[in-house]
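The values are calculated or read from the model by the stated rules, or taken from the named source; none is laboratory data. The model shown is predicted, which means the values in this text are computed figures rather than measured ones. Please note: Cβ atoms are built from the backbone with ideal geometry, for glycine as well, and neighbour counts cover all protein chains shown.
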Amino acid sequence: MGKGNLAIDKSMAKTVVDGKIIIPLPKVLVENRYYPMFFVYSPTHCDDCGSKLHVNSHYTRFILSSHGTIARDVTYWTCFSCKKHFHDQIIGVPGSANYSYEFYEKQMSVRYDGRCSLNNSRKIGETYTEGLTDFCGRAPCATSLWLYEQQQAELSKQELLDQNIAFDRTLYVDGDWIKKGWKKKFETLLGREISEKEWKKMRYKSVYVIATKEKVFLDFEITDRLPTIEALMPLFIRIKNRFPEGKIQRIVSDEDKAIIGAVKSIFPEVVHSFCVFHQLKNVSKRYSDEFNSITNIPGNDELVYNEICQLIRSDTVISAVVCFQKIRELDSNLELSKASHKAISYAKEIFTKNVSFLKKGFTPETDNTMEQIFSLIGDIVDKARSFKTDSGLTNFCYNLFTYFNKRCFSTAVCLFFCKIYSIPLTLHF
């Protein structure tokens, strides 16, 4: 037992042999069998003709990992029958790369935690490898790490779609714009130059996300900037097939017509709520612009402010009409600030809009789940990189959403990820 009667973590113990510290390497699962990291696996027969392979040449490969620079002697082989060439496989190292999968995993973790871009991966390498390896400052180049991400996306996709979710039967849907595209490529396809104004409209894609109240991502769909109802239907069909009948009782979104149409088509029996978080935020902004803070609103204006907020939260047409009449009376009988007059003008707009939703059976929802989610996504995406291809953007979203579903502060019991820091990383091929 260690100090304070705490058990010593023996997994961190090292063995010293002839003055050198021996570090146990992790095991890697390959074809239902575990091999030590950096184990050299040699082919014996040709894949095409089945003939025995013969030695062609020997070579020493140097692989970068968080265990240091690993030197491994490998052999290149030749099939005399079909003249085909083969080489030894180093477990944990993809193909002919100079970086181990274990090193990639650690670099990915540091890059996302540090909110750094691929262009800064060298800086990450300097920070992360200092004192841990026999070299310092080395990190996979941008292209190598990007290619690794594309391969990892298939595993992230499966994990995202297979996760077992416990939620309160309410789902949240929203979309956000992400920049994507290569201007020169579009100009080549169109055979003409694209103006800056035109390009700003063309380069945006929309990422529509479905999540739970605990901010756990379930699925997403990448569409054009202003999608049709049909563009979002595959997303909702996948969600419907994923959960038993009656499991989903309510869906919350903003006033996006594409979402409303898709939900009505796929989930006609589910209650659809419209999020009024934006409306409340817009009203508060009109007062904070003039009085700096909501707490500084004068008495008469505070009456108007509270009544407008009550109007926004109204869950029936009758209560909405009553609130709107009170607002008009206050406007006629009280001396109000410019902020209140602006807020009342805004209240007239949202009254008409909200009443139309209430008549269709929608209910108001003030939870800002999706606002927090997209604030997080935007923070990552804006600082990470631009996206040149559809597949690159899709794969990035699979990796990003799967990563954040494992965050330590997730409140979903089934997704606690505390173990990630005490168990070996799982290596995938």
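Couple of notes before you dig in:
- Scanning the stretch 342-379 for residues that are under 15 Å from the mean Cα position of the chain (by Cα) and β-branched (Val, Ile, Thr) turns up Thr369, Ile373, Ile377.
- Residue satisfying all of: in the stretch 329-386; among the basic types (Lys, Arg) and in a helix (DSSP H, G or I); modelled with the lowest pLDDT among these: Lys383
- Candidates Val322, Val304 - the one that is of a type in the set (A, V, I, L, M) and surrounded by fewer than 17 Cβ atoms within 10 Å (Cβ to Cβ): Val322
- Selection over the stretch 18-70 of residues that are in contact with a Phe, Trp or Tyr (Cβ under 6 Å, 6 or more places away or on another chain) and of a type in the set (S, T, N, Q) gives a count of 5.
- Residues that are among the hydrophobic types (A, V, I, L, M, F, W, C) and at positive phi within the stretch 29-47 comprise just one, Phe38.
- For the stretch 33-45, the count of residues that are farther than 18 Å from Ser96 by Cα and touching a Cys at 6+ places or on another chain (Cβ under 9 Å) is nonzero.
- Inspection of the stretch 134-143 finds a residue satisfying the criterion of being at pLDDT 60 or above, part of a helix (DSSP H, G or I), surrounded by 14 or more Cβ atoms within 10 Å (Cβ to Cβ) and not assigned by TED's automatic domain parsing to the domain that holds Lys247.
- When residues of the stretch 72-106 are limited to those that are part of a strand (DSSP E or B) and aliphatic (A, V, I, L, M), the one farthest from the chain's Cα centre (by Cα): Val74
- Of all residues in the stretch 188-223, those being exposed (fewer than 15 other Cβ atoms within 10 Å of the Cβ), acidic (Asp, Glu) and within 25 Å of Lys257 (Cα to Cα) number 1.
- Filter pass, Tyr148 being assigned to a strand (DSSP E or B) and of a type in the set (Phe, Trp, Tyr): no
- Test: residue in the stretch 302-317 that is out of contact with any helix residue (DSSP H, G or I) (no Cβ under 6 Å at 6 or more places or on another chain) and assigned to a loop (DSSP other than H, G, I, E, B): yes
- Identity of the residue in the stretch 26-47, assigned to a loop (DSSP other than H, G, I, E, B) and modelled with pLDDT of 85 or more, that ends up farthest from Cys82 (Cα to Cα): Met37
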